[in-house]
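This report refers to the structure that appears directly beneath it.
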Amino acid sequence: MDYYKQIFKRKSFHLFRGTGTITDDEMKGIEEFIKTVKPLDAEIETKICIVPESETTCKRGGQYCILFYSEAKDEYLRNIGYIGEQIDLYLASQNIGTLWFGIGKPKNMQMNGLDFVIMISIAKVAEDKFRKDMFKSKRKPIAEIWNGNTLGVAEIVRFAPSACNTQPWIVENTGNDLMVYRFKKPGKRGIMPVDKVGYYNKIDMGIFLFILETCIEYENYTYDRILFSDTTDDSIEQTLIAKYVYFNKI
Ligand SMILES: Cc1cc2nc3c(=O)[nH]c(=O)nc-3n(C[C@H](O)[C@H](O)[C@H](O)COP(=O)(O)O)c2cc1C
């Protein structure tokens, strides 16, 4: 799977219009792909189910919703973000549009003792409905999210999707390490309910880590990843959540 290429193509389909049908073969392909996704933390039990969108509160014209369930322990939110982004990018490669849908609820908030975390609505769309020029998408400038040498990575990773486009990430390149922080401007929350910002932004960080790793690998760096616990203290502006010790190009 060429994830890197799909970063340029993917976008959120906030409302699906003029959709096609996801065939049974495509559904099998999705189910097979889901079996291959890599978690950030294999100790956290997860389950992914696909149901018709009509069986959820999501009404965006999708055919199905992918429901993510997880044990609510450790850094389960970013683990789901990391897994879900692999699926998001895979689906773009299949001309299946997606929408991460944070406010949606399924019928079953529990599955085999696991909690519902988030959903992605999906529908078959024409190739030309996908993103044509990613660089026109609204994002924070590089200088606001990256300190130090960009490595050719900052220019692309900043297009990772996030809840309400909050982009709650900052990376500091020390010359040997990429220090990845979850960032929360005190008092600023945009249109998200205040008690939900931390929840969604932790999922966002998992999405970001997957796209960051994809970009580092594309630029031919090898790396060691060290993960740190996130915090639930909302008054903290910057939380170090990961460090990538990177090595010279292969
Ligand atoms: C965790 C998460 C939750 C999201 N929840 C919603 C949502 O509830 N409703 C919605 O319309 N878009 C939702 N989005 C989509 C974002 O608004 C979108 O990713 C962001 O604006 C960037 O746009 P792009 O994905 O087209 O690059 C969500 C995205 C993420 C990553």
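Each reported figure results from applying straightforward, stated rules to the coordinates on display, with no laboratory input. Here the structure is a predicted model, which means the values were calculated and not measured. Please note: Cβ atoms are built from the backbone with ideal geometry, for glycine as well, and neighbour counts cover all protein chains shown.
Descriptive notes on the structure:
- For the chain, a simple Cβ point-charge model (Lys and Arg +1, Asp and Glu -1, everything else neutral) yields a dipole of about 1060 debye relative to the Cα centre.
- Taking the DSSP beta bridges with both ends in segment 108-250, the antiparallel portion is around 90 percent.
- Of the trypsin sites (Lys or Arg not before Pro) found in segment 220-250, those in coil by DSSP whose Cβ has at most 11 other Cβ atoms within 10 Å are 249.
- When you count the other C-beta atoms within 10 angstrom of each residue and take the mean per peptide, 210-218, 193-201, 233-241 line up highest first as 210-218, 193-201, 233-241.
- Formal net charge of residues neighbouring residue 32 (Cβ-Cβ distance under 11 Å; K, R +1; D, E -1): -1
- Our analysis of segment 1-139 gives Rg over Rh at 0.95, with the two radii drawn from alpha carbon positions and Rh computed by the Kirkwood formula.
- Computed over all pairs of different Cα atoms, the Kirkwood value for the hydrodynamic radius of segment 138-247 is 14.1 Å.
- Spin-label proximity, residue 14 to segment 191-214 - amide N less than 17 Å from point 7 Å beyond Cα toward beta carbon: 191-193
- By the beta-carbon count within 10 Å of each Cβ, the least crowded to most crowded order of 36, 57, fewest first, is 36, 57.
- Based on the Stokes-Einstein relation at 10 °C and a viscosity of 1.306 mPa s, and on the Kirkwood radius from alpha carbon pairs, the chain is assigned a translational diffusion coefficient of 86 µm²/s.
- For the pair residue 42 and residue 59, label points projected 7 Å from Cα toward Cβ lie 4.4 nm apart.
- Neighbour-count order for 179, 205, fewest beta carbons within 10 angstrom listed first: 179, 205
- The helix-based estimate of mean residue ellipticity at 222 nm for the chain, built from -39,500 (n - 2.57) per DSSP H run of four or more residues and divided by its residue count, is -8500 deg cm²/dmol to the nearest 500.
- More than 18 Å apart - percent of Cα-Cα pairs taken over segment 1-59: 59
- FRET E, pair residue 142, residue 110, Förster distance 45 Å, beta-carbon r, rounded to 0.05: 0.60
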